[in-house]
Amino acid sequence: MKITRILDKSIEERISFDDAVLLFQKADLLDLARAADNVCRKKHPDGVATFQIDRNINYTNICRNECSFCAFYRAKDHPEAYVLTQEEINKKVAETIELSGTQVMLQGGINPDLKIDYYTNMFKDIKKKFTIRIHSLSPPEIVYLSESSGLSIADTLKELVRAGLDSLPGGGAEILVDAVRQRISPKKIDSGKWLEVMGEAHKLGMKTTATMMIGTVETVSDRIEHLQKIRDLQDGTDGFLSFIPWTFQPGNTALGGKSISPLEYLRTLSLCRLFLDNFQNVQGSWVTQGKDIGQVCLSFGANDLGSIMIEENVVKAAGVSHKITVEEMVDLIRKSGKMPALRDTEFGILRVYGS
């Protein structure tokens, strides 16, 4: 049977676009999970599953893009609109370190009142006062800063790196198919710009992550096209640390609709592991799926569960709020049959939790 042959060869060989579409549409879910788990075990034979401690600091919720899938953004004149002061940011960084956090992820809306000096001063002040990784700003923010400062994307990144930026998260990708982007976020950068920012970051030696948001208006083929573009860029740069698929949360959004099922999420997660043969790490999204499905992710191709999330505001704005402690995360991973380990941004192991 063709599906069995594709699953068998996925352990050793790259699967094609058409193979991936067929697997998503026709493969038995548990057969798909078994193949993804086999690939994951080959890449991680020690049986370790990782997590980290960090904090998402959303420095502003004012955004000109007004994406229909986003419940977080506010117009400038909205009573809930805000911009954090440096003092407020520093307090959050200090709290992160007190809770053993090793990274902060500063991300916000595309706020026209904030220019590049706001960001360079922010990073310089953090680095002056704290020892912590700044894994921050998404490609849409980088493109905005490039345009507003009159600098190229490469020079914008260089300015930010000099100020203290260490690496880039993969936000703003959603689905890297422009027909989809025109429907859900017509004011946001196109797929080519997102890929350009990541490519330029990789040329500078910066590490980044890649993401995919599923469950809006995209088709299965759109998802695979997204993965193809990510895989192609990784072939050329080897700059992505991990891949993180997560699900659209429709609550309080203009787009609305229904959340996709956990089974569809797990099917997509396994397919990501099989298709992205040049990615060492694939992360399961307990933040959008909850702890139980997060645990199941570790049998569907994921080797990492991301952060315990000291603070998270974007998914929370859509009415979804899952919380977890370090102890709960360790127990969750251990009960999945994996060895829990605390990691840093670049997947260096900081602590292994024995049985």
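The values are calculated or read from the model by the stated rules, or taken from the named source; none is laboratory data. No experiment lies behind these values; they were computed from the predicted model shown. Ideal geometry is used to build each Cβ from the backbone, glycine not excepted, and the neighbour counts take in all protein chains shown.
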Point to revise | Those residues of segment 81-100 which are charged (D, E, K, R) and surrounded by fewer than 16 Cβ atoms within 10 Å (Cβ to Cβ), in sequence order | key: Glu87, Glu88, Lys91, Glu95, Glu98
Check your understanding: Got at least one residue in segment 271-281 being more than 17 Å from Met213 (Cβ to Cβ), of a type in the set (Lys, Arg) and modelled with pLDDT under 90?
Key -> no
Check your understanding: Tally time: how many residues in segment 76-131 are assigned to a helix (DSSP H, G or I) and either of a type in the set (Lys, Arg) or under 22 Å from Glu159 (Cβ atoms) (or both)?
Key -> 20
Review point. Residues in segment 126-172 that are surrounded by fewer than 16 Cβ atoms within 10 Å (Cβ to Cβ) and either among the β-branched types (Val, Ile, Thr) or in contact with a strand residue (DSSP E or B) (Cβ under 6 Å, 6 or more places away or on another chain) (or both): how many?
Key: 1
Review point. Considering only residues of segment 158-171 that are part of a loop (DSSP other than H, G, I, E, B) and at pLDDT 95 or above, which is nearest to Asn121 (Cα to Cα)?
Key: Gly164
Exercise for review: Those residues that are farther than 23 Å from Val21 by Cα and part of a loop (DSSP other than H, G, I, E, B), I need them from segment 177-220; list them, please.
Suggested key: Ser185, Pro186, Lys187, Lys188, Ile189, Asp190, Leu204, Gly205, Met206, Lys207
Review point. Which members of segment 1-57 meet the condition of being within 21 Å of Asn303 (Cα to Cα), among the polar types (S, T, N, Q) and in a strand (DSSP E or B)?
Key: Thr50, Gln52
Point to revise | Hits in segment 229-259 - residues which are part of a loop (DSSP other than H, G, I, E, B) and touching a residue at least 12 places away in the same chain (Cβ under 8 Å) | key: Asp238, Gly239, Phe248, Gln249, Pro250, Gly251, Asn252, Thr253, Ala254, Leu255, Gly257, Ser259
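I need a count of the residues in segment 132-152 that are among the hydroxyl-bearing types (Ser, Thr, Tyr) and part of a loop (DSSP other than H, G, I, E, B). Steps first, please.
Of all residues in segment 132-152, those among the hydroxyl-bearing types (Ser, Thr, Tyr) come to 136, 138, 144, 146, 148-149, 152.
Restricting the remaining residues to those that are part of a loop (DSSP other than H, G, I, E, B) gives 136, 138, 152.
The total comes to 3.
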Revision key, fill the gap. Conditions (1) under 20 Å from Arg64 (Cα atoms); (2) outside any loop (DSSP other than H, G, I, E, B); (3) among the acidic types (Asp, Glu) -> Asp155 fails only (1)
Exercise for review: Pairs only if they're at least six apart or on different chains, beta carbon under 7 angstrom, first in segment 1-16 and in contact (Cβ under 8 Å) with a residue 12 or more places away in the chain, second outside any helix (DSSP H, G or I) and of a type outside the set (A, V, I, L, M, F, W, C); list them, first residue then second.
Suggested key: Arg14/Asp277
Practice item. From (1) in contact with a helix residue (DSSP H, G or I) (Cβ under 8 Å, 6 or more places away or on another chain); (2) surrounded by fewer than 19 Cβ atoms within 10 Å (Cβ to Cβ), pick out the condition that doesn't hold for Tyr118. Key: (1)
Practice item. Go through (1) among the β-branched types (Val, Ile, Thr); (2) within 20 Å of Gly294 (Cβ to Cβ); (3) more than 16 Å from the chain's Cα centre (by Cα) and name the single condition Thr253 misses. Key: (2)
**Study point:** Cβ-Cβ under 6 Å pairs, at least 6 apart or on other chains, segment 28-57 side over 25 Å from Tyr353 (Cβ atoms), far side charged (D, E, K, R)
**Key:** Leu29/Arg267; Ile57/Lys92
Exercise for review: Mind listing whichever residues of segment 256-275 are among the hydrophobic types (A, V, I, L, M, F, W, C) and more than 15 Å from the chain's Cα centre (by Cα)?
Suggested key: Ile260, Leu263, Leu266, Leu271, Leu274, Phe275
Practice item. Residue by residue through segment 260-279, note down the ones that are polar (S, T, N, Q) and part of a helix (DSSP H, G or I). Key: Thr268, Ser270
